[in-house]
Amino acid sequence: MIGEGKTRGQVAILDIPAANNQNSAAIRPHVNKVQTDWLYEALASQYEANRRLSSGNNQPALNKSRVQQMTIPLPPLAKQTTIAEEIRRLRELIHSASRPVEDGLARCGSLRRSILAAAFSGRLVPQDPSDEPASMLLGRMAAEKAASKRSRNQKAAS
């Protein structure tokens with residue numbers, strides 16, 4: 001009911017006896033009219049709209065009357081079950097399809113780090129022994145920068 005993050009407007013099915021406080025709303029569907037999984041999916045699909053129903057300045061919140069105003073389409077009970085099952089099946093399909101993508105992205109990050117480590121340690125390409133060490137190059141660059149700064153200061157002073 002309350003929260004700025006993702007919490008306000010979240011839905012869940014609680015399959016155990018429990019009590020709740022003013023920070024959550026318990027909705028008990030009529031077993032002959034509303035299938036629990038259907039109600040869950042219907043409310044979850046309206047997450048952003050449900051969040052917009054909240055009011056208050058410092059910490060926007062939903063309240064009992066706003067929850068009671070939410071509209072839920074009610075197809076026949078058998079259709080509710082069929083739709084909820086299809087949504088669950090598709091969600092599992094999406095999850096299983098996205099897993100290889102997530103694994104690939106993780107591998108890409110790991111490869112990127114190892115390539116950068118190899119590059120910075122000089123193991124990415126064969127090294128030319130006649131190349132000056134990086135420390136000498138950095139020293140030369142610092143000296144050139146200091147000389148340039150002195151030159152600008154002398155011009156500004158004259």
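The values are calculated or read from the model by the stated rules, or taken from the named source; none is laboratory data. Quantities reported herein were computed from a predicted structural model and do not represent experimental measurements. No Cβ is skipped: glycine too gets one built from the backbone with ideal geometry, and neighbour counts run over all protein chains shown. Surface areas here come from the heavy atoms of the whole protein model, side chains and all, with no ligands, DNA or RNA. Shrake-Rupley method; radii C 1.70, N 1.55, O 1.52, S 1.80 Å.
Quick look at the values:
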| read-out | value |
| --- | --- |
| Percent carbon-and-sulfur accessible area, the chain, ignoring ligands, DNA and RNA, probe 1.4 Å | 58 |
| Contour minus Cα-Cα distance for Ser114 and Val67 (0.36 nm per residue) | 11.8 nm |
| Kirkwood hydrodynamic radius (C-alpha pairs) into Stokes-Einstein, the stretch 31-83, 25 °C and 0.890 mPa s, D in µm²/s | 199 |
| All Cα pairs of the stretch 66-158, percent lying beyond 23 Å | 69 |
| Heavy-atom surface of the chain, accessible at 1.4 Å and reported per residue (Å²) | 80 |
| Among Ile94, Pro29, Met136 - extreme Cα towards positive end, dipole of the chain, charges at beta-carbon | Met136 |
| Cα-based convex hull, the chain, per residue volume (Å³, whole number) | 267 |
| Using θ = phi - 60° and Karplus 6.51 cos²θ - 1.76 cosθ + 1.60, couplings along the stretch 97-106 (whole Hz; Gly, Pro as x) | 6, 7, 4, x, 5, 4, 5, x, 5, 5 |
